[in-house]
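Q: Got a structure for you, questions after.
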Amino acid sequence: MPPSPSDPVPSPPAPSSANPQPLAAHPPPSHLRPHPPFPAKLPAPPQTSTLPLSTPTSTILLSPPHTALLIIDLQNFFLSAALGRPASSAGNLAAARLLESAIPAARKAGIRVVWLNWGLTDQELEEMPPGTRRAFGFEVEVGREAEREAADDAYGVNQAAVEEALRKREEGGGDGKTERIYRGLGSEMGIVRLGDGEVVDAGRLLMRGAWNASLPPALMDAYREGAKLEWKPDVWIHKNRMSGLWGGGTPCTEFLEKEGITSLLFTGVNTDQCVSGSLQDAFSKGYDCILIRDGCGTTSPKSASEGIEFNCERTWGFVADCKDLEDGVERMLEARTEKFDAIDMQMQGPREGDEF
């Protein structure tokens with residue numbers, strides 16, 4: 001069981017809802033949970049229900065027991081206002097949609113929720129190539145390393161905060177060209193002040209157990225709620241690369257294989273970095289991949305997300321929205337209810353007043 005946080009191109013064909021497309025990698029029926037036996041004269045209910053998910057290219061059918069919702073990197077470093085990430089940022093807006101729609105829908109359908117987050121150890125940091133170590137980080141002014149200001153990371157996660165800091169210096173008579181040095185993964189981030197005035201040690205960048213690698217409060221509450229579920233509880237899995245499914249095997253791929261999960265719904269930040277990196281590795285390993293685009297966010301230029309969505313829609317898998325998932329779950333549950341109601345009526349037999 002993965003550790004828990006408590007331990008710290010042609011145009012696509014027209015959509016067709018009339019002929020939904022089952023995903024090829026679904027396990028055979030023998031993998032599905034059987035229902036209790038029914039009388040021989042009556043048809044048994046289906047062993048499981050399929051979830052119809054509308055996408056721009058076609059309606060696909062998901063098998064909930066073999067599907068997981070991956071929530072990638074919705075951590076304080078990427079979302080916290082204390083580090084300059086406003087509530088209106090793309091990542092925070094995506095998180096709000098997941099909390100409101102996609103996560104409740106997934107749990108209702110019996111889809112496993114997997115929180116896939118950066119969580120480095122010292123050994124992993126020592127073995128990490130230099131290029132990977134600078135994947136995310138921040139800058140500090142020379143001589144003020146202990147007094148960390150919200151700064152840039154390698155891919156513009158906090159570019160707005162940097163520009164604002166430079167503007168203020170210019171207005172104050174400075175030239176805005178104070179020398180800065182880059183700090184990568186594992187670097188001490190120093191003390192930060194939260195919105196309620198509480199002061200916390202942000203810890204080392206994206207290291208396991210550090211405050212900056214934890215989830216913001218609302219997301220942490222959602223994880224803890226899901227982790228208490230008796231059936232298909234949420235799981236937290238650490239990763240040590242942008243992709244959580246890189247190389248020959250990772251804790252994430254081991255978990256998915258153990259659980260028989262073959263279809264993955266991708267959400268989180270950043271769309272064009274850790275989300276797409278994980279998605280492309282999953283695609284290459286044979287998983288069915290669906291990008292939940294409004295459940296993802298990035299501060300990269302709009303074209304970056306558009307390119308990922310374009311390729312996912314036409315090559316790597318499918319693209320859908322949180323609302324599509326929510327609607328698909330409701331349709332599945334309605335169909336399941338109708339089937340079981342019909343079976344229940346057959347089991348009750350003819351009633352007085354029925355005409356035949």
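Q: Among the strands (runs of 3 or more DSSP E) lying completely within region 226-314, list those that include at least 1 residues that are open to solvent by 60 Å² or more (accessible area, probe 1.4 Å) and under 15 Å from ILE71 (Cβ atoms).
A: Result: 288-297.
Q: Those residues that are under 25 Å from GLU257 (Cβ atoms), small (Gly, Ala, Ser) and in contact with a strand residue (DSSP E or B) (Cβ under 6 Å, 6 or more places away or on another chain), I need them from region 285-327; list them, please.
A: Across region 285-327, the qualifying residues are GLY295, GLY317, ALA320.
Q: Name the single residue, out of those in region 108-118 being at negative phi and more than 14 Å from the chain's Cα centre (by Cα), that is least open to solvent (accessible area, probe 1.4 Å).
A: Looking at the filtered set, the residue picked out is ALA109.
The values are calculated or read from the model by the stated rules, or taken from the named source; none is laboratory data. Keep in mind it's a predicted model, so treat the numbers as computed, not measured. Backbone-built Cβ (ideal geometry, glycine too); neighbour counts: all protein chains shown. Heads up: the accessible areas ignore ligands, DNA and RNA and are worked out on the full protein's heavy atoms, side chains in. Shrake-Rupley method; radii C 1.70, N 1.55, O 1.52, S 1.80 Å.
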